[in-house]
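Novice: Quick one: the structure is below, and I'll ask about it shortly.
Just so it is clear, none of the values below were taken in a lab; they were calculated from the coordinates. Computed from a predicted model, the values in this text were never measured in an experiment. All Cβ positions, glycine included, derive from the backbone under ideal geometry; neighbour counts span all protein chains shown.
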Amino acid sequence: MGLKSIHKYIITNTSLRNNFWTDDKYSSLYWISVLIGSGALCVFLSYDIVLKWYDSPVNRFSINEPRHISENPFPAITICHNDPISSNTMNLASVLNWERQNKTDEEWQTLNVVYEMCQWKHNIFKLENINPNIVYKVVKELSTKCEDTIKQIRWKDKIIDHPCEIMQPIFLLTNLCFSFNALPYHDMYRHIPYKLQDTLQTGKKWSNLKSNWNLDDGYRDNNLTSNIPWNMKSTTYWNTVEIILAQKDAFYGCSSKQGFTVYFHSPSDVPDYSHSSLKLSKNSHSFVQISTFLSLTDDGLKSWTPEKRGCYYLNEKWLKYNTIYSYINCYVECQVNYTEHLCGCAPMFRINSSLPVCGPKSKDCLANAAIHVQRAYHTCKCLPSCTDIDYELSYSTVPKNFSYIKESFTFLDNLTDSNSLASIEATVNLEHTWPLRRNAEDTNIGYIGKIAGMTNLCRGVSLISSLEAFLFLIYQSFFSLKKLFILYIIIN
């Protein structure tokens, strides 16, 4: 069969010829309109598929592979005394009557630090900047110490009579707090807050330990007798932590708030007000059940960009102050950076030796810096961690008379009354955790298949009909060019 015969066969027998290029112009116009209309409908219906392909390529769903309790760390517990300045070391009622002209700059800076830590609303002479050394002096001489607050810790079946050896000091905004089971300073910070620890002489035993856990890889050797951070092996009745706290009565305490605020968070996170928390008051006992929520990311997404997958692995975003990436760590660092840039001073919770500490007069500037970082993704590109752990609490609090069991407390002395105690007991409530896994919504082939199905629905297009159309266009173009070439030769 020659080329002319093939061309004649294609023109007279293909569906394209029969439907569109007929001798009746009205019929041709109708079928061309059908082609354009069905194509427009196909584009309209496929738009959502393409949009989801680009904007929401990742889906999160529950998986059926449980993770045992021993594979997850027990949460860090950060304890903040609601009366951070001891009234036994400073007459707090009298300082509010100070006159500016009768006091030195150092005394006024001291009062401004106390004002910030106590979160006062009184009208005093406020300073814009404070010398960092004054802050450390107030913390050393006037703050409520760990030894006065945290009296005993029972971890599982072991009693720790000197708990402050493993409690790392940390500022939560302007409040001095102490963290249990957080990552040691060496593994947590690039710029280790030695100055705060040296000032208080607290937590050095824990800070010198070495962690064998991170979010992405878990415990490197989970067979160790003592993992850092600590974890539970089961949910049996003795697998709990109990912390006994003390608060002395203060007629002139710096705060009207009594008791303690306790935060539960990931050991690799700096404590933040967004973490799960509860309030404790003296002569009470709180029992806390902890639910662990874990988010993982499919290995197939590692080759994707962080923006497309919607999360960072630990090695993908560098932080200035912290060695370990998390959304909270990124957000806090972003707030610090903006505060230093806009206000020319460092917030109290991240003291910088090269800058003064922001005083009460800088609060408006601090508020503006906070506004800039409220949407941390757009400002500082903070995304969730690809492996993330979070904790939710369910708890009950009941009155407790500690005088009945005071003989069992070796820490009780003349300065610690059994009526000023409070306790909290916490445990993980489930033996296994069912994580959520980030995964691709669909593969590229899957999306192409959806679009092809939509096209077939609108126009009846298949692979065979597409090849038929391609063949028709090729042959039609070939013979058109051939005619033009022959005509060119005839004319010349």
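Novice: Among 73-83, 481-491, how do they line up by average Cβ neighbours within 10 Å per residue, starting with the highest?
Specialist: 73-83, 481-491
Novice: Something else now. With only alpha-carbon atoms counted, please give the Rg and Dmax of the stretch 278-392, in Å.
Specialist: 17.9, 55
Novice: Around I243, with a cut-off of 9 angstrom between Cβ atoms, what is the net charge of the other residues, counting Lys and Arg +1 and Asp and Glu -1?
Specialist: With Lys, Arg at +1 and Asp, Glu at -1, the net is 0.
Novice: Next question. In whole percent, what relative contact order does the stretch 231-369 give with Cα contacts below 8 Å and a gap of six or more residues?
Specialist: Across the stretch 231-369, relative contact order equals 13 percent.
Novice: What residues from the stretch 135-163 fall in the zone where the backbone N is under 19 Å from a label point 7 Å along the Cα-to-C-beta line of K205?
Specialist: Residues 145-163 qualify, since their backbone N sits under 19 Å from the label point.
Novice: Can you list the residues, at least 5 places off or on another chain, whose amide H is less than 5 Å from the amide H of N129, using H built in the peptide plane?
Specialist: G359
Novice: Further question: Taking 0.36 nm per residue of separation and subtracting the Cα-Cα distance, what length does fully extending V398 through F485 add?
Specialist: Between V398 and F485, full extension yields 21.4 nm more.
Novice: Once label points are set 7 Å from the Cα along Cα→Cβ at both N368 and W304, what is their separation, rounded to one decimal in nm?
Specialist: Each label point lies 7 Å from its Cα, and together they span 3.9 nm.
Novice: Please turn the phi angles of the stretch 307-321 into ³J(HN,Hα) values with the Karplus equation 6.51 cos²θ - 1.76 cosθ + 1.60 (θ = phi - 60°), one per residue in order, whole Hz, x for glycine and proline.
Specialist: Karplus values, whole Hz, x for Gly and Pro: 5, 6, 7, x, 6, 10, 7, 4, 8, 9, 9, 8, 10, 6, 9.
Novice: Would you please put 262-269, 317-324 in order of how densely packed they are, using the mean number of other Cβ atoms within 10 angstrom per residue and starting with the highest?
Specialist: The most tightly packed comes first, giving 262-269, 317-324.
Novice: Sticking with this one: Kindly write out, for the stretch 168-185 in residue order, the coupling ³J(HN,Hα) from the Karplus curve 6.51 cos²θ - 1.76 cosθ + 1.60 (θ = phi - 60°), rounded to whole Hz, with x marking Gly and Pro.
Specialist: 8, x, 7, 8, 10, 6, 9, 9, 7, 10, 9, 10, 9, 6, 6, 4, x, 3
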